[in-house]
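Asker: Please see the structure below; I have some questions.
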Amino acid sequence: RSFSSQTDGEARVTRVLREKFPRASAIKVVDISGGCGAMYEIHIESEEFREKRTVQQHQMVNQALSEEIKNMHGLRIFTSTPK
């Protein structure tokens, strides 16, 4: 699926993550609920995660998406730092 065919939910979540993680080198948001916006898989690569444990990285993402999460059933988060 090309970037331009992102769902509204994917675009909204991506926009929020870009604002909260300005140093992110990669952000990918995929609606894994079949398009209804109930479950997302998020991949973020950011310098902001360096020196932080995985659980802390995931807490940062959860905090950034605190408003959006209220309308979701699930969220899969994958974080990394640039190599």
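The values are calculated or read from the model by the stated rules, or taken from the named source; none is laboratory data. All values reported here derive from a predicted model rather than from experimental measurement. Here Cβ is always computed from backbone atoms with ideal geometry, including for glycine, and neighbour counts include all displayed protein chains. Quick note on the areas: whole protein, heavy atoms, side chains included, nothing else; ligands and nucleic acids left out. Shrake-Rupley method; radii C 1.70, N 1.55, O 1.52, S 1.80 Å.
Asker: Would you please state which residues of region 35-61 a label at residue 28 would reach in this model, taking the label point 7 Å out along Cα→Cβ and a backbone N cut-off of under 12 Å?
Answerer: 41-45
Asker: What's the center-to-center distance, using Cα atoms, between region 46-81 and region 1-42 in Å?
Answerer: 13 Å
Asker: Provide the packing ranking of 69-76, 42-49, i.e. peptides ordered by the mean count of other C-beta atoms within 10 Å per residue, highest first.
Answerer: 42-49, 69-76
Asker: Right, another one. Tell me the angle of helix 8-20 to the major Cα principal axis of the chain, expressed in degrees between 0 and 90 and rounded to the nearest ten.
Answerer: The angle comes out near 20 degrees.
Asker: Going by accessible area, probe 1.4 Å, with all protein chains left in place, what is the ranking of 14, 81, largest first?
Answerer: Greatest to least solvent exposure: 81, 14.
Asker: For the chain, give me the percentage of DSSP beta bridges that are antiparallel, rounded to the nearest 5 percent.
Answerer: Roughly 50 percent of the beta bridges in the chain run antiparallel, per DSSP.
Asker: What number, in percent, do you get for the relative contact order of region 8-80 if the mean sequence gap of Cα pairs under 8 Å and at least 6 apart is divided by its residue count?
Answerer: Values: 107 pairs, mean separation 24.3, N = 73.
Rounded, it is 33 percent for region 8-80.
Asker: Just to be sure I understand: with springs between alpha-carbon atoms less than 10 Å apart, which residue in 55, 30, 13 has the highest mean-square fluctuation in the Gaussian network model of the chain?
Answerer: 55
Asker: Along its principal axes, what span do the Cα atoms of region 8-80 show, with the longest given first and each in whole Å?
Answerer: 35, 20, 18
Asker: Same structure, new question: Using the Cα centre of the chain as the reference point, and only Cβ charges (+1 on K/R, -1 on D/E), how large is the resulting charge dipole? Debye, rounded to the nearest 20.
Answerer: Value, rounded to 20: 200 debye.
Asker: Go ahead and run the numbers for FRET between residue 54 and residue 8, Cβ-Cβ distance against an R0 of 22 Å, rounding to 0.05. Mind showing how you got there, number by number?
Answerer: Values: r = 29 Å, r/R0 = 1.34.
It comes to 0.15.
Asker: If you don't mind, another one. How much net charge surrounds residue 40 when only the other residues with a Cβ under 9 Å from the Cβ of residue 40 are counted, with Lys and Arg +1 and Asp and Glu -1?
Answerer: Neighbourhood net charge equals -3.
Asker: With a sphere of radius 15 Å drawn around the Cβ of residue 50, what net charge do the other residues whose Cβ falls strictly inside it have (Lys, Arg +1; Asp, Glu -1)?
Answerer: After counting each charged neighbour, the total is 0.
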